[in-house]
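Structure first, then comments.
The values are calculated or read from the model by the stated rules, or taken from the named source; none is laboratory data. Computed from a predicted model, the values in this text were never measured in an experiment. Positions of Cβ are generated from backbone atoms using ideal geometry, with glycine treated the same way; all protein chains shown enter the neighbour counts.
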Amino acid sequence: INVYSIVALAAGLQLPTFSASKAALHSYTQALRLSLAHTNIKVFEVLPPLVDTEFAKDIPSDKKISPQHVAEDLLQHMETDNYEVHVASTKTLYQNFLSQADKAILALNGLE
């Protein structure tokens, strides 16, 4: 299970991150999933929004979600073999990123 922030795809102003390294993780996850397609090993990828953890404690936001919410979504996806788990608002952001990356970055940062 690879868990990484949605800012892997669209950089955030509040928490600057090197998006290319996480994009590489996404690519690696897809390659690993293909390599293991003929086995019983499943490779899941989880993209939660801002999760209320110790890591995020200093990031001001009223939109943090609980770790339990992320875990529940993951378990639900595991039961249906849905390997890409986009938690809460990240599904829309991910779809926007695939169609219009520049607009997704503006939306993530409240600049649209």
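For this structure, a couple of remarks:
Here is a yes/no grid of residues against (1) out of contact with any Cys (no Cβ under 6 Å at 6 or more places or on another chain); (2) among the hydroxyl-bearing types (Ser, Thr, Tyr); (3) on the phi > 0 side of the Ramachandran plot; (4) at pLDDT 80 or above:
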site	(1), (2), (3), (4)
ILE59	yes, no, no, no
PRO67	yes, no, no, yes
GLU72	yes, no, no, yes
VAL85	yes, no, no, yes
THR90	yes, yes, no, no
LEU98	yes, no, no, no
ALA101	yes, no, no, no
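- Qualifying residue in segment 26-34 (condition: polar (S, T, N, Q), surrounded by 13 or more Cβ atoms within 10 Å (Cβ to Cβ) and either within 17 Å of ILE1 (Cβ to Cβ) or at pLDDT 80 or above (or both)): yes
Yes/no per residue for (1) surrounded by 12 or more Cβ atoms within 10 Å (Cβ to Cβ); (2) within 26 Å of TYR28 (Cβ to Cβ):
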position: LYS57; (1), (2): no, no
position: GLN76; (1), (2): no, yes
position: GLU79; (1), (2): no, yes
position: ASN82; (1), (2): yes, yes
position: LYS91; (1), (2): yes, yes
position: ASP102; (1), (2): no, yes
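- Output for segment 39-67, where each listed residue is under 21 Å from GLY110 (Cβ atoms), β-branched (Val, Ile, Thr) and in a loop (DSSP other than H, G, I, E, B): ILE59
- Test: VAL70 is under 14 Å from ASN2 (Cβ atoms), out of contact with any Gly (no Cβ under 7 Å at 6 or more places or on another chain), part of a loop (DSSP other than H, G, I, E, B) and of a type outside the set (Lys, Arg): no
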